[in-house]
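Just so it is clear, none of the values below were taken in a lab; they were calculated from the coordinates. Predicted, not measured: the structure shown is a model, and the values here were computed from it. In this analysis, Cβ positions are derived from the backbone assuming ideal geometry, glycine residues included, and neighbour counts consider all displayed protein chains.
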Amino acid sequence: MASWDRKREFVALDLGTSNVVAYLGGQGIIYNEPSTMAYDVHTNTVVAAGEQAYEMVGKTNDDTRMVVPLVDGVISDLDAAKDLIKLIFSRIKLSDILKNALVVLACPSGVTELERGALKQVVADMGAKHVLVEEEVKLSAVGAGINISLASGHLVVDIGGGTTDIAIISAGDIVISRSIKTAGNHFDEEIRKYIRAEYNVLIGIKTAEKIKIEIGSLTKIDNGRTFRAFGRDVISGLPREVVISPDEVKNALLAPFSKITDLIVEVMENTPAELAGDIIRNGITICGGGALLRGIDTYFESIFQLKVIKAQDPLLTVIEGSKEYEKQIEKWMEVVELRDSREYSIK
């Protein structure tokens, strides 16, 4: 086995439905922006990406096409996903160090093996020789502080932008997992539907997201805070303002969250008995952007009668989990070389 350079660089890339985060060993997070891209429809070239493109959502003309490469946890536009990775690497000037780096690529569980291979090839085309692809929910568990190498069952609920992934993890890997396309983006859409049905006002998806962030909660809030939303009256067609209360947002969110709780029950029902006992002791760990919703821990505790642990920084648990590879980079470099020599993928 080759002897590795102790100064080898480490790169982690979290390809989320809502956000893309890049981490460089020794420097920290060097990119954290929305997974949104804007294309010129005539030349099919990228005119904006990340935060700049996100600001254009709902405000473009027919000459601009808005694209989100990952939708509901799967790659909806592979070419756009490739463009996004290339743009990130070029923007943060990683191309010079990739040849000697270990790159960990985190993907949603809904991404197929074919798509994983294509994304891995994009990174390889940028100059990276050593690439590992891992599921986000597994990395999130590590980033939330779980020692997944132990033979002890942990129930992890990762509520992202496009999907909610629920997994039982023990002895270093996923024992059972399920995924549902009910997550952050779906919550925004439910808020839009509620306001249209209740007030006959159509609001934008960005406004719905702001409502969720500022007054969204799964428990009753008595601080009297409201949100002034501006949209278009669907009857008159004129601009109109509505005032939304936290209780209204809670009512809009309960339906999608009931789907998530049903899936958690399904996972529990299919969990081996010994691991079920571990879950009683270890509780439920929640991470991903959805874990930031107010009252989410109280909501799950009241339903399952189990302790609920929110990750310290839910949005960055994937990157925090990826750092474990950096700590054991020598070991993983050998794993990657062995995999490549045998021409199979480590799962």
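Adding -39500 (n - 2.57) for every DSSP H run of four residues or longer, then dividing by how many residues the chain holds, sets the calculated 222 nm ellipticity at -12000 deg cm²/dmol.
Among the trypsin sites (Lys or Arg not before Pro) within segment 59-106, those in coil by DSSP and having at most 14 neighbouring Cβ atoms inside 10 Å are 59, 93. Find the centroid of the Cα atoms in segment 156-173 and in segment 284-306, then give the distance between the two in whole Å. About 13 Å separates the Cα centre of segment 156-173 from the one of segment 284-306.
Considering only 28, 156, 271, the residue lying farthest towards the positive end of the dipole of the chain is 28, judged by Cα position with unit charges set on Cβ.
Model label sites at residue 241 and residue 149, defined 7 Å from Cα along the beta-carbon direction, differ in position by 5.8 nm.
To the nearest 20 debye, what is the magnitude of the charge dipole of segment 74-148 about its Cα centre, counting +1 on the Cβ of each Lys and Arg and -1 on the Cβ of each Asp and Glu?
With only Lys, Arg, Asp and Glu charged at Cβ, the dipole is about 340 debye.
Ordering 236, 213, 224 by the projection of their Cα atoms onto the charge dipole of segment 184-252, which places +1 on the Cβ of Lys and Arg and -1 on the Cβ of Asp and Glu, puts 236 at the extreme positive end.
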